[in-house]
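Trainee: Here it is, the structure in full.
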Amino acid sequence: MAIPTAFSGPKLESLSSSAAAASPASIGLFCNPGRVRRLSIQKGLFNSGIRCEVAASDVVDQSQSSGNVTSSSSLSALEQLKSSAADRYTKERSSIVVIGLSIHTTPVEVREKLAIPEAEWPRAIGELCNLNHIEEAAVLSTCNRMEIYVVALSQHRGVKEVTEWMSKTSGVPVTEICKHRFLLYNNDATQHIFEVSAGLDSLVLGEGQILAQVKQVVKVGQGVTGFGRNISGLFKHAITVGKRVRTETNIAAGAVSVSSAAVELALMKLPESCHTTARMLVIGAGKMGKLVIKHLVAKGCTTMVVVNRSEDRVSAIREEMKDVEIIYKPLNEMLKCAAEADVIFTSTASETPLFMKEHVVDLPPVSASVGSLRLFIDISVPRNVGACVNELEDARVYNVDDLKEVVAANKEDRLRKAMEAQAIISEESKQFEAWRDSLETVPTIKKLRAYAERIRVAELDKCMSKMGDDISKKTKKAVDDLSRGIVNKLLHGPMQHLRCDGSDSRTLSETLENMHALNRMFSLETDISVLEQKIRAKVEQTQK
């Protein structure tokens with residue numbers, strides 16, 4: 001599951017003028033990964049124009065970019081927002097958006113260019129939140145997916161900015177990203193991350209590794225500016241959903257990780273008679289390599305060679321599996337070990353291929369008893385084995401995208417388990433959306449408290465001036481405490497009716513009605529919307 005440690009690439013390109021002008025609702029419809037997987041078997045789906053693109057209003061006007069660069073660049077993001085569609089954007093609520101590329105929609109050669117290493121997630125969050133229309137962000141980058149979650153002040157402009165950022169940091173053209181990406185908004189985005197955490201969107205249904213990766217997003221995001229209330233709440237809730245699905249359904253029963261699927265694939269390709277006798281070589285003794293070894297042992301393999309940079313990790317694995325002969329070899333003996341292996345599993349962090357055609361062409365042929373083919377099972381991203389090795393008659397290369405063959409069996413059982421899990425996800429999605437909707441009342445709560453505090457302080461000052469300068473500190477404090485107590489007791493009722501966390505019978509619609517009523521009664525509404533204030537603040541920050 002190795003990923004690049006640095007970003008490089010050309011300057012971002014403009015979006016294609018042929019982008020589809022789709023509404024958020026229609027984008028959500030066509031971009032649900034589950035729907036994409038089910039529809040992708042229909043001939044020409046991704047070649048027929050049904051793609052996850054930004055709206056036409058977001059496309060850069062090439063004719064304007066040449067002649068009016070100076071004048072257009074002088075406009076602030078806020079002014080551009082107003083001039084295009086002021087009401088639509090300044091009145092809309094911030095949206096949770098997912099811009100994603102996964103194994104279901106994007107080949108590995110594209111995913112590996114866009115992958116972001118875990119150490120770079122905080123930096124990526126910071127850069128994303130510096131974009132004019134992005135308020136919060138998180139990155140989920142694994143060997144099977146690269147997904148960016150954001151809270152966008154404007155859906156269309158937020159998607160455009162993030163897509164251009166992805167292009168700039170990876171070197172992949174915007175048009176290529178748009179060709180493969182999927183976009184999900186609000187409820188669809190919530191359901192997607194819940195499905196991901198539950199293992200429903202994984203290559204192997206119910207695999208547990210993705211839940212650990214979702215947890216890591218939260219762990220890395222703690223304390224990072226930009227990993228805010230909405231996004232952190234979303235991922236924390238996703239962890240709860242993932243745990244609940246695995247506890248209440250048997251979705252994980254028999255489910256396997258990518259490493260297990262790799263072992264299953266290898267055994268599918270080998271004659272059954274040699275499953276326990278084929279010569280196995282594992283290159284890399286990290287988390288993935290260790291899991292490969294464990295699954296090989298579970299399938300009856302008692303001897304294998306492990307190539308790694310150092311022997312420490314191999315020794316630890318050997319201690320854990322004392323009944324298995326695990327032979328350690330250093331990295332400089334990798335080709336020699338490959339010459340003596342029938343099946344080679346690769347799972348290293350190398351950013352350049354370990355095996356190319358020229359490395360494999362002179363290896364001695366394998367026995368006819370194992371099918372006369374040397375198998376390379378590459379579960380690394382970026383890949384450790386070049387696709388050119390497939391050109392050799394006596395070698396076959398399989399990467400993470402080829403593991404789909406392993407999970408094709410037992411389809412009915414997988415669908416039944418998924419339906420059980422979906423019922424839980426639907427319930428949890430409603431709870432999360434109710435929590436997020438309730439956050440709409442937070443600005444009103446703050447404004448009402450500030451309004452009451454202004455009155456309290458003004459009246460307290462009048463009172464103190466009338467009492468003169470010779471009153472004691474104790475008396476001043478008593479009067480101050482009295483005024484605070486009166487205000488707090490008066491505000492208690494309204495505040496209670498502005499909170500809706502699902503713990504009582506009060507509905508969200510009733511809470512929002514109370515919010516609007518209080519805004520009217522105390523004139524708490526301002527001419528500038530909360531959204532517009534946020535955009536203005538971000539623009540001013542970027543201009544400093």
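Trainee: So what does Ile193 come to for accessible area, using a 1.4 Å probe and Å² rounded to 10?
Mentor: The value for Ile193 is about 0 Å².
Trainee: If R0 is 41 Å, what FRET efficiency do you get for Val361 and Asn250 from their C-beta distance, rounded to 0.05?
Mentor: 0.30
Trainee: Hey, if we sort His180, His492 by accessible area with the 1.4 Å probe, largest down, what's the order?
Mentor: Correct descending sequence by accessible area is His492, His180.
Trainee: Quick one: order Asp323, Asp378, Asp394 from most to least accessible surface, probe 1.4 Å.
Mentor: Final ranking, largest accessible area leading: Asp323, Asp394, Asp378.
Trainee: Also, I was wondering about something else. Compute the FRET efficiency between Gln216 and Glu453 as 1/(1 + (r/R0)^6), taking r as their Cβ-Cβ distance and R0 = 25 Å, and round to the nearest 0.05.
Mentor: Working from the Cβ atoms, E equals 0.05.
Trainee: Counting only protein heavy atoms and a 1.4 Å probe, tell me what percentage of the stretch 201-288's accessible area is made up of carbon and sulfur.
Mentor: 51
Trainee: Please give the charge dipole size of the stretch 160-267, origin at the Cα centre, charges +1 on K and R Cβ atoms and -1 on D and E Cβ atoms. Round to the nearest 20 debye.
Mentor: 400
Trainee: Which loop GluC sites (Glu not before Pro) in the stretch 299-406, with loop taken from DSSP, have no more than 10 other Cβ atoms within 10 angstrom of their Cβ?
Mentor: Passing sites in the stretch 299-406 are Glu393.
Trainee: For a Förster distance of 25 Å, can you work out the FRET efficiency between the beta-carbons of Ser315 and Lys336, rounded to the nearest 0.05?
Mentor: After rounding to 0.05, the efficiency reads 0.75.
Trainee: Do you know the Lys pair count in the stretch 114-239 for C-alpha distances under 22 Å, with sequence separation 8 or more or different chains?
Mentor: Qualifying lysine pairs in the stretch 114-239: 5.
Trainee: Shifting gears a bit: Leaving out ligands, DNA and RNA, and with a 1.4 Å probe, what % of the accessible surface on the stretch 332-410 is carbon or sulfur?
Mentor: Roughly 52 percent, rounded to a whole number.
Trainee: Lys329 accessible area, nearest 10 Å², 1.4 Å probe?
Mentor: It works out to around 70 Å².
Trainee: Continuing with the same structure: Treat each spin label as a single point 7 Å out from the Cα along the C-beta direction, and report the Met467 to Asp481 distance in nm.
Mentor: 1.2
Trainee: From the P(r) of the stretch 148-277, can you give the percent of Cα pairs sitting at distances over 19 Å?
Mentor: Every Cα pair in the stretch 148-277 considered, those over 19 Å come to 62 percent.
Trainee: Quick one: accessible area per residue over the stretch 205-346, 1.4 Å probe, rounded to a whole number of Å²?
Mentor: Per residue, the stretch 205-346 has an accessible area of 44 Å².
Trainee: Oh, and also: For the stretch 214-332, what's the relative contact order in percent, using C-alpha pairs closer than 8 Å and at least 6 residues apart?
Mentor: It comes to 18 percent, rounded to a whole number.
The values are calculated or read from the model by the stated rules, or taken from the named source; none is laboratory data. Owing to the predicted nature of the structure, the values given are computational and were not obtained by experimental measurement. Positions of Cβ are backbone-derived with ideal geometry, glycine not excepted, and every protein chain shown enters the neighbour counts. Accessible surface areas use protein heavy atoms only, side chains included; no ligands, DNA or RNA. Shrake-Rupley method; radii C 1.70, N 1.55, O 1.52, S 1.80 Å.
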